[in-house]
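Okay, structure first, notes after.
The values are calculated or read from the model by the stated rules, or taken from the named source; none is laboratory data. Just so we're clear, the structure is a prediction, and the values are computed from it rather than from any experiment. Neighbour counts are summed over all protein chains in view; Cβ atoms, including those assigned to glycine, are modelled from backbone coordinates with ideal geometry. All accessible areas refer to the heavy atoms of the entire protein, side chains included, with ligands and DNA or RNA removed. Shrake-Rupley method; radii C 1.70, N 1.55, O 1.52, S 1.80 Å.
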Amino acid sequence: MNKPKNAIVLLFDSLNRHMLGGYGGREFKTPNFDRFAQRAVRFTNHYTGALPCMPARHDILCGAWDFLWKAWGSIEIWEDPIPYALSKAGVVSQLISDHPHLFETGGENYHADFSAWDYQRGHEGDAWKTAADPSWAGAPMFGRKNMPYDRSRGWFRGENDFPGPRTMQSAAQWLWDNAGKHDRFFLFVDEFDPHEPFDTPEEYARLYDADWTGPHLIWPPYAKDGVAEGTITSAQGRQIRAQYGSKLTFIDHWFGRILDMLDEKKLWDDTVIYLCTDHGHYLGEKDIWGKPAVPAYQTIAHIPMMVAAPGQKPRQCEALTTSVDIFASLADQFGVTGHFRQRIHGRSIWPLLEGSAASIRDYVLSGVWGREVHYIDTKAKYARAPVDGNAPLP
């Protein structure tokens, strides 16, 4: 099988698998994620590796589980991320993102080896503005101190000023400007939504909790037993969950711009497209909220991956996969599977797509903040925490 000439990775942060229509979710509207699913191979046993945000990106861009030796950090100068390998093979690469951690201490070098990169400003902790627009009244923050978002938010005058829509529009524009201009390309769209703050224009914010009064609760607490211990009330919990749903539907709407461009440029014919996430987000499952220090239950660890590739019929694939496998699959597709300076833990999914294998791995290792390790196979999950709760694993 001749592999497609181009690749696109669409990474949405904190995308809950069980809330997507393509995986049976019915709670919130996700018409464009569902539209993509109708073209894609849906992987039903896809799990996190390293997490949260930056470790997960290290998985995808370097193909190596860095939680085995660090909790959060940069691409090291002795590692070969996939855009570096692709540049040596003559593949043009582009990063488009509104993810603030990529440009903070601890996120160094993730953008450096792309042919070009585009950062859309103003999300969450992005130090974008020094003076706030007083038209933004703010929202309850559940113990957080002032966030840079509070200085940025008032400068979003309309729906298309939010970082997520700007990122989706930028990606669609890049495809319009570049499709057909390069022999081969790799586009990496790192979209921070539906990560908190779950802030959307009012027409979205009222979609799933229309009776709520007062400021919308866009900053979820990070808590276990949140309602039981009185961190939030049941009504506040419903509002937080509804605001996540609003953000999910909001970014789904703008994701449609990219799908429209894929249609316009007929890129489905020569491009493989991965739709994935770094991890899920607890929204009251087991009365857990956010991403607190709890074992990686299914809500956060069992994540979506859908792959649309030329010649592939939409279907389910039950093989066990994880985030480092995206790196290995890109390397396989573009023929850059030679020596990498880092040890590679990924396995290419191409044998699954081509039908030459029913599985590519026997187990997945997952690590949260370098705090605990999970072993996952097709039958069970085993979690091992540090002996004293804080010390590194032996």
Inset, instruction - In square nanometres and to one decimal, what's the mean projected area of the convex hull around the Cα atoms of segment 315-362? - result: 3.7
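Tell me, what is the per residue accessible area of segment 91-175 in Å², probe radius 1.4 Å? Don't skip to the answer; put the middle values down first.
Numbers: 3580 Å² over 85 residues.
Accessible area per residue, segment 91-175: 42 Å².
Going by the alpha-carbon gyration tensor, a ≥ b ≥ c the square roots of its eigenvalues, is segment 150-242 rounded (a/c under 1.5) or, if a/c is not under 1.5, prolate (a/b greater than b/c) versus oblate?
On the way: a/c = 3.24, a/b = 2.19, b/c = 1.48.
Prolate.
Expected output is a single nm value to one decimal: the length gained when fully extending between residue 234 and residue 136, i.e. 0.36 nm times separation in residues minus the C-alpha distance. What is it? Let's see the in-between values first.
Working: separation 98, 0.36 × 98 = 35.28 nm, distance 2.66 nm.
Difference between extended and current length: 32.6 nm.
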Inset, instruction - Take the Cα coordinates of segment 95-151, assign each an equal point scatterer, and use the Debye formula without solvent to give log10 I(q)/I(0) at q = 0.21, 0.24, 0.26, 0.30 Å⁻¹. - result: -0.86, -1.00, -1.09, -1.26
Inset, instruction - Pop out the ³J(HN,Hα) list for segment 282-293 in order, Karplus 6.51 cos²θ - 1.76 cosθ + 1.60 with θ = phi - 60°, rounded to Hz; leave Gly and Pro as x. - result: 6, 10, x, 4, 6, 6, 9, 9, x, 9, x, 7
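Roughly how many Å² is the accessible area per residue of segment 24-64, as a whole number, for a 1.4 Å probe?
Working: 1120 Å² over 41 residues.
On a per-residue basis, segment 24-64 sits at 27 Å².
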Inset, instruction - Kindly provide log₁₀ I(q)/I(0) values, in the same order as q = 0.28, 0.30 Å⁻¹, from the Debye equation applied to equal alpha-carbon scatterers of segment 1-58. - result: -1.24, -1.28
Inset, instruction - Sort the following peptides by mean Cβ neighbour count (other Cβ atoms within 10 Å, averaged over residues), highest first: 292-304, 100-112. - result: 292-304, 100-112
Legend entry - Fluctuation leader among 262, 248, 15 - the chain, Gaussian network, Cα springs under 10 angstrom: 262
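How do the peptides 372-382, 314-324, 4-14, 358-368 rank, highest first, by the average count of neighbouring beta carbon atoms within 10 Å per residue?
4-14, 314-324, 358-368, 372-382
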Legend entry - Cross-link reach list, aspartates and glutamates versus residue 381, counting only Cα pairs under 15 Å and skipping chain neighbours closer than eight places: 362, 372
Inset, instruction - Pop a pseudo-label 7 angstrom from the Cα along the beta-carbon direction at both residue 178 and residue 203 and give the gap in nm to one decimal. - result: 3.1
Inset, instruction - Determine which aspartates and glutamates satisfy two conditions relative to residue 129: a Cα distance under 12 Å, and not lying fewer than 8 residues away in the same chain. - result: 150
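Which percent, to the nearest 5, of DSSP beta bridges fully inside the chain are antiparallel?
Details: 21 of 51 bridges.
So the antiparallel bridges amount to about 40 percent of the total.
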Legend entry - Difference of contour (0.36 nm per residue) and Cα-Cα distance, residue 380 to residue 78: 105.2 nm
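Order of 158-167, 335-344 by packing, highest average Cβ count within 10 Å first? Write down the numbers at each step before the final one.
Values: 158-167: 19.4, 335-344: 13.7.
Those peptides, ordered most packed to least, come out 158-167, 335-344.
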Inset, instruction - Quote the Stokes-Einstein diffusion coefficient, in whole µm² s⁻¹, for segment 68-182, based on the Kirkwood radius over alpha carbon pairs, a temperature of 4 °C and a viscosity of 1.567 mPa s. - result: 79
Legend entry - Cα-projected label distance for residue 285 with residue 121, points at 7 Å along beta-carbon direction, nm: 3.7
Inset, instruction - Once you have the Cα-Cα distance between residue 104 and residue 87, take 0.36 nm times their residue separation minus that, and quote the gain in nm to one decimal. - result: 3.7 nm
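May I ask you to rank 285, 79 by accessible area, largest first, using a 1.4 Å probe over the protein chains only? Working shown, then result.
Numbers: 285 35, 79 10 Å².
Sorted by accessible area, descending: 285, 79.
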Legend entry - Where the Cα pairs of the chain fall when distances are cut into 10 Å bins, in %: 5, 24, 35, 26, 10, 1
Inset, instruction - Under 12 Å Cα to Cα from residue 266, which aspartates and glutamates show up? Leave out anything in the same chain fewer than 8 places away. - result: none
Legend entry - For segment 1-131, size of Cβ-based charge dipole, Lys and Arg +1, Asp and Glu -1, in debye: 740
Legend entry - Spacing of the two label points (7 Å from each Cα toward its C-beta) at residue 298 and residue 68, in nm: 2.9
Inset, instruction - Could you check how much of the accessible area of the chain is carbon and sulfur, as a whole percent, using a 1.4 Å probe? - result: 49
